[in-house]
Amino acid sequence: MIIAPAEPHDVAKLLAFREEAAEWLRGLGSDQWSRPYPADKLLATIEAGTVFMLRDGHTTAATITLTSDAEEGLWTDHELAGPSMFVNKLTVAREYAGQNLGGRLLDWAGDRAHRAGARWVRLDAWTANEALQRYYLGQGFTHVRTVREGSAVNGGPRVSGWLAQRPARTADHGFTDRTPTPERLTFAA
């Protein structure tokens, strides 16, 4: 399988991935990703070079967003003083479920973050999705804390504030990596 940057024409596929994941999550009793994601925001992240597609031939098997930009209000100034990269929107097509693609993508993200000079790979997960939280713990992440207040969208309760991190490190993820060399991070010492 090949991992490569997403391209603008991938917006429709990424939105379909999100809807497929939301439908699956609804079947599990979760409201995660139930709100539509704005296509223009998705396109902006693609154009910023932070969205990556895992392709199996001509089929997209999974996607991950990896950025050096932290979502406002989640991480402390002290945490943000060191180099970190943030995982978002990790999604595996249902037909590829059970093949550990998510775990391998997290390894790829940790490897890419390490090559960029990051110390940590961090993420926030849905606060009510305990199964997802257990998944990340099983992938070597450590729970930092849960932020429940201060949603950037509406000032109400935050729905994705379960914070976790693991050290950025080299990894043998097994993908053919067609992504550009990551830019080195800069940070306040």
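Under 9 Å between Cβ atoms, at least 6 apart or on separate chains: pull out the pairs that start in region 56-71 with a residue that is at pLDDT below 95 and end on any residue that is among the small types (Gly, Ala, Ser) and surrounded by fewer than 15 Cβ atoms within 10 Å (Cβ to Cβ).
Cβ pairs passing all conditions: ASP69/ALA48; GLU71/ALA152.
Need pairs with beta-carbon distance below 9 Å; first residue within 17 Å of GLU183 (Cβ to Cβ) and within region 42-53, second among the charged types (D, E, K, R) and assigned to a strand (DSSP E or B); sequence gap 6+ or separate chains.
Short answer, once both residue conditions are applied: THR45/LYS89; VAL51/LYS89.
Against the conditions (1) touching a Pro at 6+ places or on another chain (Cβ under 9 Å); (2) of a type outside the set (A, V, I, L, M, F, W, C); (3) part of a loop (DSSP other than H, G, I, E, B); (4) on the phi < 0 side of the Ramachandran plot, where does GLY140 fall short? Just the number, please.
(4)
Pairs please, first residue from region 91-103 and surrounded by fewer than 14 Cβ atoms within 10 Å (Cβ to Cβ), second anywhere and of a type in the set (Phe, Trp, Tyr), Cβ atoms under 8 Å, 6+ apart in sequence or on different chains.
From region 91-103, the pairs are ARG94/TRP24.
Of all residues in region 114-137, which are part of a helix (DSSP H, G or I) and without any contact (Cβ under 8 Å) to a residue 60 or more places away in the chain?
Result: HIS114, GLU130, GLN133, ARG134, TYR135, TYR136, LEU137.
With THR60, THR76 as the choices, which residue is of a type in the set (Val, Ile, Thr) and surrounded by 15 or more Cβ atoms within 10 Å (Cβ to Cβ)?
Of the residues listed, the single one that is of a type in the set (Val, Ile, Thr) and surrounded by 15 or more Cβ atoms within 10 Å (Cβ to Cβ) is THR60.
Take the residues in region 117-152 that are in contact with a Lys or Arg (Cβ under 9 Å, 6 or more places away or on another chain) and of a type in the set (Lys, Arg); name whichever of them is surrounded by the most Cβ atoms within 10 Å (Cβ to Cβ).
ARG122
The values are calculated or read from the model by the stated rules, or taken from the named source; none is laboratory data. Keep in mind that what you see is a predicted model, and the values were worked out from it rather than measured. Every residue, glycine among them, receives a Cβ derived from its backbone with ideal geometry; neighbour counts consider all protein chains shown.
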